[in-house]
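Colleague: Right, I'll just put the structure down here and ask away after.
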Amino acid sequence: MFNIKESDIPFWKSYFCIDEDYSSLIKRFSEDPTLKKACKFAPGIRVLRQQPFETLISFIISQNNNIKRITGIIEKMCSIFGENNVFPTQAAIARLNTDDLTAIGTGYRARYILDAANKINSGKINLDEIQKMPYNIAREELMKIVGVGEKVADCILLFGFHKTEAFPKDVWIKRVIAEYYPNGLPNCTKGYEGIAQQFLFHYIRNKQ
């Protein structure tokens, strides 16, 4: 039995996208034969609504990195720089220097992390405003942060701001596009390209 306070239920419903109609999305995606297979392969996939700042820093850390190292760095950030092992705020990170961050294994990404924290902490970039912006403008705004390119910006927008039209392209997704969608994604994905990407990514990586 989960020990969840009733007052916390709205947060978790939002976080796990409980109220989002994935059944309708799957039906819509299934107009395309490849997506139909992908949805059938893993119908329980969900795009979580994660905290924007934590998502931003996590995806900066993820660049040219592996899951084990990413997890280790984030755990150290929480235990060393956060309060009560919670992910540190932008103000807490902005007080650090590159040596503090390289000491926990961030490497060259330390400069990117500090730039992100400082720009957000100073108000040069406002995450609440990004949430309200149209996708393309929000993407340009995030790319003002040093080290945030198109793919990382799309990841942040999809997972941190639930802008479902964001379509991150890694090596696996580029292969999917080249093999199945050389002329572009099907119309059934419009507005939900990022959710379709998650079904395709999991399917292509794990199918036998």
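The values are calculated or read from the model by the stated rules, or taken from the named source; none is laboratory data. Not measured: the values here are computed from a predicted model. Ideal geometry is used to build each Cβ from the backbone, glycine not excepted, and the neighbour counts take in all protein chains shown.
Colleague: On the basis of being over 20 Å from Leu157 (Cβ atoms) and assigned by TED's automatic domain parsing to the domain that holds Ile177, does Ser30 make the cut?
Modeller: Details: over 20 Å from Leu157 (Cβ atoms): yes; assigned by TED's automatic domain parsing to the domain that holds Ile177: yes.
Criteria met by Ser30.
Colleague: Still on this structure: Within region 182-208, work out how many residues are assigned to a loop (DSSP other than H, G, I, E, B) and either surrounded by 18 or more Cβ atoms within 10 Å (Cβ to Cβ) or in contact (Cβ under 8 Å) with a residue 40 or more places away in the chain (or both).
Modeller: If we filter region 182-208 for residues that are assigned to a loop (DSSP other than H, G, I, E, B), which is where we start, we get 182-186, 190-192, 207-208.
Subsequent filtering for residues that are either surrounded by 18 or more Cβ atoms within 10 Å (Cβ to Cβ) or in contact (Cβ under 8 Å) with a residue 40 or more places away in the chain (or both) retains 185-186, 192, 207.
Counting residues in region 182-208 that are assigned to a loop (DSSP other than H, G, I, E, B) and either surrounded by 18 or more Cβ atoms within 10 Å (Cβ to Cβ) or in contact (Cβ under 8 Å) with a residue 40 or more places away in the chain (or both) gives 4.
Matching residues to (1) part of a helix (DSSP H, G or I); (2) closer than 15 Å to Ala110 by Cβ; (3) hydrophobic (A, V, I, L, M, F, W, C):
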{"position": "Thr55", "(1), (2), (3)": "yes, no, no"}
{"position": "Ile60", "(1), (2), (3)": "yes, yes, yes"}
{"position": "Asn65", "(1), (2), (3)": "no, yes, no"}
{"position": "Ile70", "(1), (2), (3)": "yes, yes, yes"}
{"position": "Cys78", "(1), (2), (3)": "yes, no, yes"}
{"position": "Asn84", "(1), (2), (3)": "yes, no, no"}
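Colleague: Would region 157-180 turn up any residue that is among the aromatic types (Phe, Trp, Tyr), closer than 28 Å to Ala110 by Cβ and in contact (Cβ under 8 Å) with a residue 40 or more places away in the chain?
Modeller: Checked region 157-180: at least one residue is among the aromatic types (Phe, Trp, Tyr), closer than 28 Å to Ala110 by Cβ and in contact (Cβ under 8 Å) with a residue 40 or more places away in the chain.
Colleague: Within region 91-100, does at least one residue satisfy the condition of being assigned to a loop (DSSP other than H, G, I, E, B), modelled with pLDDT of 95 or more, assigned by TED's automatic domain parsing to the domain that holds Gly147 and under 21 Å from the mean Cα position of the chain (by Cα)?
Modeller: no
Colleague: Out of the residues in region 81-117 that are of a type in the set (A, V, I, L, M) and loosely packed, with under 15 Cβ neighbours inside 10 Å, which is farthest from Leu142 (Cα to Cα)?
Modeller: Looking at residues that are of a type in the set (A, V, I, L, M) and loosely packed, with under 15 Cβ neighbours inside 10 Å, I get Ala103.
Colleague: State whether the residues of region 62-75 include one that is surrounded by 16 or more Cβ atoms within 10 Å (Cβ to Cβ) and over 23 Å from Leu157 (Cβ atoms).
Modeller: no
Colleague: Next question, about the same structure. Condition first: under 22 Å from Leu114 (Cβ atoms) and either in a loop (DSSP other than H, G, I, E, B) or at pLDDT below 95 (or both). Now tell me which residues in region 134-167 satisfy that.
Modeller: Met143, Lys144, Ile145, Val146, Gly147, Val148, Gly149
Colleague: Where residues in region 8-48 are acidic (Asp, Glu) and surrounded by 13 or more Cβ atoms within 10 Å (Cβ to Cβ), which of them is modelled with the highest pLDDT?
Modeller: Here is the first cut: in region 8-48, the ones acidic (Asp, Glu) are 8, 19-21, 31-32.
Within this subset, residues satisfying the condition of being surrounded by 13 or more Cβ atoms within 10 Å (Cβ to Cβ) are 20, 32.
Numbers: Glu20: 92, Asp32: 98.
Among them, the one singled out is Asp32.
Colleague: So Lys174 passes all but one of these: (1) part of a helix (DSSP H, G or I); (2) over 30 Å from Arg205 (Cβ atoms). Which condition number does it fail?
Modeller: Answer for Lys174: the failing condition is (2).
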